[in-house]
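Presented below is the structure to which this report refers.
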Amino acid sequence: MAQVRLSGIAKAFGKVTALDAMDLVIEDGELVCLLGPSGSGKSTLLRLIGGFETPSEGTIAIDGVDVTRLPPERRPTAMVFQSHALWSHMTVHGNIAFGLKLRRLPRAEIRERVERVLDLVGLSGYGARLPSQLSGGQQQRVALARSLVIEPKILLLDEPFASLDQHLRERLRDEVRDIQQRLGITAVFVTHGQDEALAISDRIVVLADGRMQQVGRPGEIYAEPKTAFVAGFIGAMNMLDGTLADGEIAAGGLKLPAEGSGPARLAIRPEDIALSEPEEGRMVTVRRMIDFGSHVVVDSTLADGTHLRVQTDKAVRVEAGERVGIRVERWTVFAEGEEPRRYRSDTVRSFRDVRYA
Amino acid sequence: MTDLATLPPSGALQAQQKRVRRRAPVDWTGFAFLIGLAVVILLPLVVTAVWAFAEVWRFPAILPQRVGLGYWQETLSRQDVWQALWLSLRITTTVTVISAVICFPAAYAFARLDFPGRNMLFLAFLSVQAFPKFGLIIATATIFLTLNLIGTFWGVVLIQLVGTLLYMIWIPVSAFQGVDRRLEEAARDVGAGPMRVFWSITLPQALPTLAAAILITFVNTFYETDAAWLIGLPNVRTMPMVMIAFINNALEVQYGAVLFVFLWVPSFLLMLAARRVMGADAFAKGLGG
Ligand SMILES: Nc1ncnc2c1ncn2[C@@H]1O[C@H](COP(=O)(O)OP(=O)(O)O)[C@@H](O)[C@H]1O
Ligand SMILES: [Mg+2]
């Protein structure tokens, strides 16, 4: 139904640059998550698409039509706000019907479409209530219904479920994904939760300090982060400061093969480290075991005191204070001004063969 | 094994907690303040109200010796009382309507637009209230004298209009500021233009507080005497002026008391009704609470 094209978008509020150098195409029927820490410019980008802000530079086109200067009411977009922004002086029905009344639809049709969308968000029979008579989750469903009922080409959601508890949040985000797929609508979903982004997106746009860090499919961003920021932000990661020299990177007493020279950052996922028998240059001291139920994470320290987290399975037993060896199976090296380099050691020998619990 | 039988059923536990919570300690300080307030505010009201129905009430008696509606009949059968009431209502309504028409859009502008000189202008509006009021009235009276506005309906309306600016600007400004911008954006988002957003979202959201401002203005203007006296006399005699004349001329408390009850009851009922409709927080919001 609709494609969004952002070209050279920048937005400054006075001296604060909220967004810079954004080029992005959101394809028809895609759900894209804008992911980044607080203050990274996610809301600003969403509000630019919705027409609530005008870019300082660049253009926004929807289906090839330049909408950069159009006010929100003339854009085919609909926004779900974090604060739900329901009109407290109208009933649920009134809130949802407002956009349809503006379009001067016949009464019977309005009633029918409101019923249908209430059904879609699982709130049939709630039309006569006031927003204040609903729970937080129900209020967000109404806000979603209000946006969906006008059949926008693009649905914008700004951390819509951030204020809800985790179970409800997970359920609602799955419902949003479900509805988005069923209607085949294009959606942009702002979140600061990586789980949420990984769970529902077709593609994720990672933002930091108003700049786009990486755009890609969830698995891609997890497996192949393009910047040290993305590596540290998505999923659990050990980030170590190190130095490249003589075909090795040395970080916190750990040495691993790597090319180049000068300072660099070493990124290793906890699940890419295995415990092994102690061996020079590959030793850690166990601090404690964190049991997540499905797996165990060993919090340990390297020779110079740097923390290193190691994911292992529950069968392994190590004691606090014990010195054990590690084997790193994959690692990534980020050097300033260079593409990240990824390495893997294929000489895996299972620790469990040596020490079975 | 856990012994389930020793645990009370979940409902019972809740009931227990409720019982504990209900036995909250009495707030004696608050109670004392409440009694003090009641004595200071309510006692004079009650005494005056009793006076209105007392035909004979001499000093040491706690209750009147004779009660009756004699003074009511006498007061309410007077033509000038009804004329003054009708005039007061007309003046007050005119002042309130004009004030709303001028002040509400101005308040909206102050609340929402960022134009140069905004703060200065806002201060200017409010500073009218900072002048010694009587001096202002005298100055205005001199000007009105040359304009032949002394002793006229519109003269009184104009001077009383000035007195309403504070509440009719200040309260509505915070009313409009209190409307969440997201609510307006959400309306734009589903297709409403700026005017439509104002009528359908901003105004209804601010309405309870605006109504509070209107009510306060209406009541204040109705009972205003200084300006009405100086600008209005000798032709324009509003209700409070008639009241004062009554009290001054006849050294009988009952005339004043009758008018007091006669005027107080409706405005009190109006206030109560307003509270019911608007909710107590509209007043608090309007005053920046
Ligand atoms: N209306 C505004 N006026 C001034 N600065 C703003 C405004 N909106 C956002 N900013 C600034 O722009 C940056 C990005 O904000 P925002 O887009 O809200 O981030 P996020 O949604 O990722 O938390 C922040 O530094 C914020 O302070
Ligand atoms: Mg935000």
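The values are calculated or read from the model by the stated rules, or taken from the named source; none is laboratory data. Computed from a prediction, not measured in an experiment: that's the story for all the values here. Positions of Cβ are backbone-derived with ideal geometry, glycine not excepted, and every protein chain shown enters the neighbour counts. Accessible surface areas use protein heavy atoms only, side chains included; no ligands, DNA or RNA. Shrake-Rupley method; radii C 1.70, N 1.55, O 1.52, S 1.80 Å.
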Q. Measuring from a point 7 Å past the Cα of A:Thr285 along Cα-to-C-beta, which residues in the stretch A:295-323 have an amide N at less than 15 Å?
A. A:299-308, A:319-323
(Q) Sequence gap at least 6, Cα distance under 8 Å: using those rules, report the relative contact order of the stretch A:4-223 to the nearest whole percent. (A) 30 percent
Q) In nanometres, what is the gap between the two model label sites at B:Asn249 and A:Glu109, each 7 Å from Cα along Cα-to-Cβ? A) 7.0 nm
Q) What do you get for Rg/Rh over the stretch B:73-286 if you use C-alpha atoms and the Kirkwood form of Rh? A) 1.04
Q. Going 7 Å from the Cα of A:Phe13 in the Cα-to-Cβ direction, what parts of the stretch A:42-62 have a backbone nitrogen less than 18 Å from that spot?
A. A:42-57
(Q) I'd like to know which of A:Val80, A:Ile62, A:Ala320 lies farthest towards the positive end of the charge dipole of chain A, counting +1 on Cβ of Lys and Arg and -1 on Cβ of Asp and Glu. (A) A:Val80
Q. Which cross-chain or sequence-distant (5 or more) residues have an amide H under 5 Å from the amide H of A:Arg287, H modelled 1.01 Å from N in plane?
A. A:Asp299, A:Ser300, A:Thr301, A:Gly321
Q: Compare each residue of the stretch B:201-238 in its chain alone against the assembly with all protein chains, and report those whose accessible area goes down by 20 Å² or more; 1.4 Å probe, heavy atoms.
A: B:Ile201, B:Pro204, B:Gln205
Q) Lys/Arg Cβ at +1, Asp/Glu Cβ at -1, dipole of the stretch A:4-223 taken about the Cα centre: which of A:Pro218, A:Leu118, A:Leu105 is farthest positive-ward? A) A:Leu105
**Q.** Dipole of the protein assembly as shown, positive direction: furthest Cα of A:Leu207, A:Ala245, A:Phe52, with charges on the beta-carbon
**A.** A:Phe52
Q) Are any of the pairs A:Lys15/A:Lys226; A:Lys11/A:Lys153; A:Lys42/A:Lys226; A:Lys42/A:Lys153; A:Lys42/A:Lys101 more than 27 Å apart by Cα-Cα distance, and if so, which? A) A:Lys15/A:Lys226; A:Lys42/A:Lys101
Q) Quick one: putting +1 on the C-beta of Lys and Arg, -1 on the C-beta of Asp and Glu, what dipole do you get for chain A around its Cα centre, in Debye to the nearest 20? A) 1340 debye
**Q.** Per-residue [θ]222 nm for the protein assembly as shown (sum of -39500 (n - 2.57) over DSSP H runs n ≥ 4, rounded to 500)
**A.** -14500 deg cm²/dmol
Q) What does the charge dipole of the stretch A:154-290 about its Cα centre add up to, to the nearest 20 debye, if the Cβ of each Lys and Arg holds +1 and the Cβ of each Asp and Glu holds -1? A) 240 debye
Q: Against the globular-protein guess of 2.2 N^0.38 Å, express the Cα radius of gyration of the stretch A:242-286 as a ratio, rounded to two decimals.
A: 1.21
(Q) Using the Cα atoms of chain A, I'd like the radius of gyration and the largest Cα-Cα distance, Dmax, both in angstrom. (A) 24.8, 80
**Q.** Residue-normalised accessible area of the protein assembly as shown, given per residue in Å² at a 1.4 Å probe
**A.** 52 Å²
Q: Please give the FRET efficiency for A:Lys255 paired with A:Asp23, using the beta carbon to beta carbon distance and R0 = 35 Å, rounded to the nearest 0.05.
A: 0.30
**Q.** Rounded to whole Hz, the Karplus (6.51, -1.76, 1.60) HN-Hα couplings of the stretch A:207-218, x for glycine and proline
**A.** 10, 8, 6, x, 10, 6, 8, 6, 10, x, 5, x
Q: Please turn the phi angles of the stretch B:117-125 into ³J(HN,Hα) values with the Karplus equation 6.51 cos²θ - 1.76 cosθ + 1.60 (θ = phi - 60°), one per residue in order, whole Hz, x for glycine and proline.
A: x, 4, 5, 4, 5, 4, 4, 4, 4
Q | Fraction of accessible area attributable to carbon and sulfur, the stretch A:4-223 (%, probe 1.4 Å) | A | 46 percent
Q. How large is the dipole of the protein assembly as shown about the Cα centre if only Lys and Arg carry +1 and Asp and Glu carry -1, each at its Cβ, rounded to the nearest 20 debye?
A. 2140 debye
Q: Pairs of Cα atoms under 8 Å, at least six residues apart: use those to get the relative contact order of the stretch A:236-356, whole percent.
A: 26 percent
Q: Work out, step by step, the length gained on full extension between B:Leu43 and B:Trp28: first 0.36 nm times the residue separation, then minus their alpha carbon distance; give nm to one decimal.
A: 3.3 nm
Q: Run the quick spin-label model on A:Arg217 and A:Ser56: label points 7 Å from Cα toward the beta carbon, then report their separation in nm to one decimal.
A: 3.7 nm
Q.
Taking 20 °C and 1.002 mPa s as the conditions, I'd like the Stokes-Einstein D for the protein assembly as shown in µm²/s, using the Kirkwood hydrodynamic radius from alpha carbon pairs.
A. 67 µm²/s
Q. Using every alpha carbon pair in the stretch A:236-356, what percent of pairs falls into each 10 Å bin from 0 up to the bin containing the largest distance?
A. 14, 47, 30, 8, 0
Q: Assuming R0 = 60 Å, can you tell me the calculated FRET efficiency for the pair A:Thr301 and B:Arg58, based on Cβ-Cβ distance, to the nearest 0.05?
A: 0.05
Q | 3J(HN,Hα) from dihedral phi, the stretch A:82-99, Karplus parametrisation 6.51/-1.76/1.60, rounded to Hz, x for glycine, proline | A | 4, 8, 6, 6, 7, 8, 5, 8, 10, 6, 4, 4, x, 4, 6, 6, 3, x
**Q.** Label-point gap, in nm, between B:Ser77 and B:Phe134 - each point 7 angstrom along Cα→Cβ
**A.** 3.9 nm
**Q.** Extension gain from A:Glu277 to A:Lys101, taking 0.36 nm per residue of separation minus the Cα-Cα distance
**A.** 56.1 nm
